[in-house]
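Here is the structure we will look at.
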Amino acid sequence: MNPLVQSLQQEAGLTEEQAAKAVTLIGNALKSKFPTVLHDELDEVLKGNNFGDAFKDKIKDFTDKAEDAAGAFANKTNELVNEMSLKMKEMFNNKK
């Protein structure tokens, strides 16, 4: 269970439903004051996670995609270099 919801239940004597609603309302109020780019981070904090966890996940996804793209680019570059090399060999062998 969400630690913030649990705290509200224990400290304020709210039911689980009331505490969850309070967390949602507080989250929405905070999001209205923060830039959109931070909304995922606020959601994570309100779930009981650490600030920065959502950002770390996004960076990991980005680096994975960048590595995949770089690998594909390297493979394509190697293919083109090999193809050019063969064409050049054909060109120079035909001139002899």
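Bear in mind that the values in this text are calculations on the coordinates, not laboratory data. Please read all numbers here as calculations on a predicted model, not as lab measurements. FYI the Cβ positions are ideal-geometry reconstructions off the backbone, even for glycines, and counts take in every protein chain you see.
Remark: for residue pairs LYS33/LYS56; LYS65/LYS87; LYS21/LYS65; LYS56/LYS76, the C-alpha separation exceeds 28 Å in LYS65/LYS87; LYS21/LYS65; LYS56/LYS76. Taking Cα atoms only, the orientation of helix 3-12 departs from the longest principal axis of the chain by about 10 degrees. For region 26-65, the residues whose amide N sits under 17 Å from a probe point set 7 Å from the Cα of ASN75 along the beta carbon direction are 64-65.
Placing unit charges on the Cβ atoms of the charged side chains and taking the dipole of the chain about its Cα centre, the candidate lying farthest along the positive direction among VAL23, PHE92, HIS39 is PHE92.
Taking a point 7 Å out from the Cα of LYS87 in the direction of its Cβ, none of the residues of region 51-71 has a backbone N less than 19 Å from it. Once the Cα atoms of helix 53-94 and of the chain are each reduced to a long axis, what angle between those two axes, in degrees from 0 to 90 to the nearest 10, is obtained? The angle comes out at about 10 degrees.
One quarter of the convex hull surface built on the alpha carbon atoms of the chain amounts to 9.2 nm², the projected area averaged over directions. Helix content alone sets the calculated 222 nm mean residue ellipticity of the chain: runs of n ≥ 4 DSSP H residues at -39500 (n - 2.57) each, divided across all residues, give -28000 deg cm²/dmol.
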